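Here is the structure we will look at.
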Amino acid sequence: MTRTFRPRSLAEALDAMGAPDAVAVAGCTDLMVVDTATGRRHGAVVDLQRLPELAGVRDDGGWIDIGAAVSFSQLRREALVAEHAPILVQAAATIGGWQIQNRATIGGNIANASPVGDSLPVLLALGAELVLASSSGERRVSYADFHRGYRETVLEPGGLIVRVRVPHALPDQFQGFKKVGTREAQAISKVVVALSARRVEVGGQEHLADVRLGAGAVAAMPIRLRRTEALLEGAPVGADTATRAAREARAEVNPIDDARSTARYRAHVLGRVVRRLVGDISA
């Protein structure tokens, strides 16, 4: 029989995670689907939804500090997130329908570690960091260092994601997001891309700086397109740069064929989306 724990504090939650085959849940939207499909049963379910340490969105000295149990519906309503991370609001609006957005949490999307998670390329593009907790204490990890492979992360056994921190946007910062799926809602991504870059003037012409380009559904985990970022860094804003970035992005990935799409389609669409997002900088 599966036991359910409803801890009143983070310390109680970490203690409960020491139970055999314990699993942490908040919105529980993915766990129910996976368990139904696989017939898996957990020894203990630790309900994190009401923990104060995992709640709320606040301004913290140049960072947006988001509780891991904050739902995507709440993210869509937060003025602070809309001001500094508009592409996170856009991504939140693409996750399932409104029923799922009311339940699903940003911490759950991260911990699930799916390569098609819609918010994950956004966190890469925005330079987010995570506050993680375990029996050995708390630590901060750059989100770019969180994934190790397919559904593998640096989260310790029995550990939890506590907060998600996103830096404030700079005045000259461009942000872009695009998800490609079978339909507008309730669709798993075929390709999802997020871009963050600054526009700086050099010799009377705008150039790109501090470029971060995150992509999902094109590798075993959400990835930074490092080679494409390097090509864009310092490049002039314009259509030629966008076309070159598209070619580099296609060459940089090695996606797979699966039930939702083909590798060839994913690489082609990735290039088209990157070209559009880079082109939008000069629009």
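The values are calculated or read from the model by the stated rules, or taken from the named source; none is laboratory data. These figures come from a predicted structure and were not determined experimentally. Cβ atoms come from the backbone with ideal geometry, glycine included; neighbour counts cover every protein chain shown. Keep in mind that these areas ignore ligands, DNA and RNA; they rest on the heavy atoms of the full protein, side chains included. Shrake-Rupley method; radii C 1.70, N 1.55, O 1.52, S 1.80 Å.
Laid out as a table, the results:
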{"read-out": "Share of carbon and sulfur in the accessible heavy-atom surface of segment 76-191 [1.4 Å probe, %]", "value": "49 percent"}
{"read-out": "Per-residue [θ]222 nm for the chain (sum of -39500 (n - 2.57) over DSSP H runs n ≥ 4, rounded to 500)", "value": "-9500 deg cm²/dmol"}
{"read-out": "Cα gyration tensor, segment 118-157 - rounded (a/c under 1.5), prolate or oblate", "value": "oblate"}
{"read-out": "Equivalent ellipsoid semi-axes - Cα gyration tensor, the chain, angstrom", "value": "34, 21, 16"}
{"read-out": "Gain on full stretching of the segment that runs from residue 230 to residue 148 - 0.36 nm per residue minus C-alpha separation", "value": "27.3 nm"}
{"read-out": "Length gained when the stretch residue 103-residue 77 is fully extended (0.36 nm per residue, less Cα-Cα span)", "value": "7.9 nm"}
{"read-out": "Three-way shape label, segment 76-118, alpha-carbon gyration tensor, a/c 1.5", "value": "prolate"}
{"read-out": "Cα gyration tensor shape for segment 41-117, rounded if a/c is under 1.5, else prolate or oblate", "value": "oblate"}
{"read-out": "Size of charge dipole - the chain - debye, nearest 20, with Cβ of Lys, Arg +1 and Asp, Glu -1, no other charges", "value": "820 debye"}
{"read-out": "Under the Debye formula (equal points on every Cα, no solvent term), log10 I(q)/I(0) of segment 125-211 at q = 0.11, 0.16, 0.24 Å⁻¹", "value": "-0.49, -0.88, -1.13"}
{"read-out": "Charge context of residue 206, other residues only, Cβ under 14 angstrom, K/R +1, D/E -1", "value": "-4"}
{"read-out": "Choice from 132, 170, 225 showing the highest fluctuation, given a GNM over the chain with Cα pairs closer than 10 Å", "value": "170"}
{"read-out": "Residue-count net charge about residue 171 - beta-carbon cut-off 15 Å; Lys, Arg +1, Asp, Glu -1", "value": "-3"}
{"read-out": "Accessible area per residue, Å², the chain with all protein chains present, probe 1.4 Å", "value": "47 Å²"}
{"read-out": "Extension reserve of the residue 280-residue 257 stretch, reckoned as 0.36 nm per residue once the Cα distance is removed", "value": "5.3 nm"}
{"read-out": "Residue 141-residue 209 FRET efficiency (beta carbon distance; Förster radius 30 Å; 0.05 resolution)", "value": "0.75"}
{"read-out": "Convex hull volume per residue in cubic angstrom - Cα atoms of segment 167-283", "value": "110 Å³"}
